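The values are calculated or read from the model by the stated rules, or taken from the named source; none is laboratory data. Please read all numbers here as calculations on a predicted model, not as lab measurements. Note that we place each Cβ from the backbone using ideal geometry, even for glycine, and neighbour counts take in every protein chain shown. For accessibility, only protein heavy atoms count, side chains too; no ligands or nucleic acids. Shrake-Rupley method; radii C 1.70, N 1.55, O 1.52, S 1.80 Å.
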Amino acid sequence: RLIAEAIPQIVWTADENGRADFVNPYFTHYTGLTIETALAQGWLSIFHPQDAERVSEKWHSAVKAGVPVEIEFRVKATDGTFRWHLCRAVPVLGAENKVSKWLAACADIDRQKVLTAELAAARDRALQHAMIKSHFLAAMSHEIRTPMSAVIGMCNILLRTPLEPVQYHYASNIREGAAGLLSVINDILDFS
């Protein structure tokens, strides 16, 4: 009890049926609820409306099964804001291996949730940028390769016509240069 009253985390206990029978002073300081209100099931009012039913169901399932439980939920602070907490509750076994008590602590994980959301948003932006880059490269591939293929094709046609040796040499150089450039472009675009 002394440790529970000293630490800056929500700590509580419950009887074998899962009814709260102790909350530490930090709980009352954080939530603004009195100990009496909290112990009279007032603790349900501190959950975010979207979390309350899920938390209640998960808690009652754990109590019924007599197994440890870990739940993430938002808790309403005295200033009216909701912050994410991770609550872990474990059963204490008594005679005949039956649950005689529940011990629980809740840690504020709001900062981790915010960072996780920011990382997810950054990942989504990166994926979107990668998709834009991919579309750009696909368009560039078409826009560059098609004219280069046309230059090479026209050189091939030109080389099949009667040409002076110097003209043939120039047209061959154009074809080889265009083919080399197309190869470099293909490599760059494929690598990108």
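With a probe of 1.4 Å, find how much accessible area segment 20-156 has per residue, and write the answer as a whole number in Å². Intermediate results must be reported in sequence, preceding the final value.
Working: 8470 Å² over 137 residues.
Result: 62 Å² per residue.
Across segment 119-182, how large is the tail of the calculated P(r) beyond 20 Å, expressed as a percent of all Cα pairs?
Details: 1009 of 2016 pairs.
Cα-Cα pairs of segment 119-182 separated by over 20 Å account for 50 percent.
In a GNM of the chain with a 10 Å cut-off on Cα contacts, which of Lys101, Lys58, Lys133 has the highest mean-square fluctuation?
Of Lys101, Lys58, Lys133, the most mobile in the Gaussian network model is Lys133.
Treating the beta-carbon of each Lys and Arg as +1 and of each Asp and Glu as -1, no other charges, what is the dipole magnitude of segment 100-172 about its Cα centre, to the nearest 20 debye? The partial results should precede the final answer.
Details: 8 positive and 6 negative charges, 55 e Å.
It comes to approximately 260 debye.
Suppose the Debye formula is applied to equal point scatterers at every Cα of segment 66-131; what is log10 I(q)/I(0) at q = 0.24 Å⁻¹?
At q = 0.24 Å⁻¹ the computed log10 ratios are -0.96.
Using only Cα atoms, what Kirkwood radius does segment 9-111 have, in angstroms?
Working: mean 1/r = 0.0728 Å⁻¹.
Every distinct Cα pair counted, the radius reaches 13.7 Å.
Please list the three semi-axes, largest first and in whole Å, of the ellipsoid equivalent to segment 94-135, using sqrt of 5 times the eigenvalues of its alpha carbon gyration tensor.
Values: eigenvalues 445, 36, 3 Å².
Largest first, segment 94-135 gives 47, 13, 4 Å.
Can you compute the helix-only [θ] at 222 nm over the chain? Use -39500 (n - 2.57) per DSSP H run of at least 4 residues, normalise by all residues, nearest 500 deg cm²/dmol.
On the way: 6 runs with 111 residues, N = 192.
-19500 deg cm²/dmol, from helical runs alone.
Toward the positive end of the charge dipole of the chain, about the Cα centre and with charges on Cβ (Lys, Arg +1; Asp, Glu -1), which of Ile46, Thr161, Ala105 goes farthest?
About the Cα centre, the residue reaching furthest to the positive side is Thr161.
Which net charge results for the neighbourhood of Met140, defined as the other residues with beta-carbon distances under 14 angstrom from its beta-carbon, given Lys and Arg at +1 and Asp and Glu at -1? Can you show the working numbers first?
Numbers: positive: Lys133, Arg145; negative: Glu143, Asp187, Asp190.
Charge balance near Met140 sits at -1.
Tally Lys and Arg at +1 and Asp and Glu at -1 over the other residues with C-beta under 15 Å from the C-beta of Lys98: what net charge comes out? Don't skip to the answer; put the middle values down first.
Values: positive: Lys64, Lys101; negative: Asp15, Glu16, Glu96.
In short, -1.
Looking only at His48, His60, His169, which one moves most when the chain is put into a Gaussian network model with springs between Cα atoms under 10 Å?
Greatest mean-square fluctuation among the candidates belongs to His169.
Considering the options Cys87, His135, Ser61, tell which one lies farthest towards the positive end of the dipole of segment 52-192, charges being +1 on Lys and Arg and -1 on Asp and Glu at the Cβ, about the Cα centre.
Checked the options; the winner is Ser61.
Before anything else, pin down the relative contact order of the chain: Cα pairs under 8 Å, at least 6 apart, normalised by residue count, whole percent. Before the final figure, lay out each step's value.
Working: 223 pairs, mean separation 29.2, N = 192.
Relative contact order, the chain: 15 percent.
When the Kirkwood hydrodynamic radius is evaluated over all pairs of different C-alpha atoms of segment 58-190, what value in angstrom, to one decimal, is obtained? Don't jump to the answer; show the numbers that get you there.
Details: mean 1/r = 0.0457 Å⁻¹.
Over segment 58-190, the inverse of the mean reciprocal pair distance is 21.9 Å.
With angles folded into 0 to 90 degrees, how steeply does helix 49-65 sit against the dominant principal axis of the chain? Use alpha carbons for both and round to 10.
For 49-65 against the chain, the angle is about 60 degrees.
Nearest 10 degrees is fine. How inclined is helix 110-159 to the longest principal axis of the chain, computing both from alpha carbons?
10 degrees
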